[in-house]
1. May I ask you to compute the full-extension gain from S92 to D139, defined as 0.36 nm times their residue separation minus their alpha-carbon distance, rounded to one decimal in nm?
2. May I ask for the angle, rounded to the nearest 10°, between helix 5-29 and the longest principal axis of the chain, with both axes built from Cα atoms and the value confined to 0 to 90°?
3. What number in nm² do you get for the stretch 19-91 if you take the convex hull of its Cα atoms and divide its surface by four?
4. State the extension gain, in nm to one decimal, for the chain segment bounded by Q154 and R85, taking 0.36 nm per residue of separation less the distance between their alpha-carbons.
5. I'd like to know how the stretch 92-219 sits against the 2.2 N^0.38 Å rule of thumb: what's its Cα Rg over that expected value?
6. Kindly state, as a whole number, the per residue volume in cubic angstrom of the convex hull around the alpha carbon atoms of the stretch 78-158.
7. In degrees from 0 to 90, rounded to the nearest 10, what is the angle of the helix 32-88 Cα long axis to the longest principal axis of the chain?
8. May I ask you to give the solvent-accessible area per residue for the chain, in square angstrom, as obtained with a 1.4 angstrom probe?
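The values are calculated or read from the model by the stated rules, or taken from the named source; none is laboratory data. No experiment lies behind these values; they were computed from the predicted model shown. Positions of Cβ are generated from backbone atoms using ideal geometry, with glycine treated the same way; all protein chains shown enter the neighbour counts. All accessible areas refer to the heavy atoms of the entire protein, side chains included, with ligands and DNA or RNA removed. Shrake-Rupley method; radii C 1.70, N 1.55, O 1.52, S 1.80 Å.
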Amino acid sequence: MKAPASEQLKLLDLQAADNLIAQLQHSLRTLPQEARLAELQRDSAAARQEYGGVNGELEDARSEIARVEADIATVEAREKRDRERLQASSSSKDIQGLEHELTSLAARRSALEDTELELMERVEEIEQRLSAIAARRDDIGVEERLLAGTRDEQKARLEAQLTAARRDRETVASGIQSPELLALYEKQRERYGIGAAMLHRGVSLGSNVAFTATDLAQIRAAAPDDVIIDPESSCILVRTDESGL
């Protein structure tokens, strides 16, 4: 294929535009905040799950306190009834039985009150744990929101830069007057990842491979409008004043 050297030179600007687009696309795919956000989302889910479990413990403990309080109220009611019966009774046998029952009820009430105190201490400990989990969950939420905001700002900047880069790329591509040369460039870039590269001081910047003296002699002998393909990277090799020919 043949194309004016001036047209081939434009391919370097086109490749630079494509390189910038690829870099911006890579930056969008690998935003630095995403990894930390994913970690925070896992931490947030774990904190919510832990909160739910501990809150369940708290509800169970409070339900147990309510049950114990109900039992205490029942014992106190029986004590009150037995004391009233004791005051009204004149039978020594009944009095002895009531006194024995009151002793048993007092022991039962004392045990229930001890249990209630233990449960109240447990509720206090669970509430402290729950408060710590809630604080950690809230801290995670704050960091998550701040980091998401930073990510969104950076993403918006990159997307704006990408839009501008694509627009610039279209301008460069429309300035290439050889449809065949442009088509070859697009084909090589699509297939091999790079469409054109400069020959710089005997080295292909597409493959970073130095040409032998024999290869350089062949390139030197080629006409300026000959389109040369780099044998290593398969891109179009663009000759300039810095090619070392």
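1. 10.0 nm
2. With both axes taken from Cα atoms, the answer is about 10 degrees.
3. In nm², the orientation-averaged hull projection of the stretch 19-91 is 6.3.
4. Gain on stretching Q154 to R85: 16.6 nm.
5. Normalised Cα radius of gyration, the stretch 92-219: 2.97.
6. 84
7. 10
8. Normalised by residue count, the accessible surface of the chain is 61 Å².
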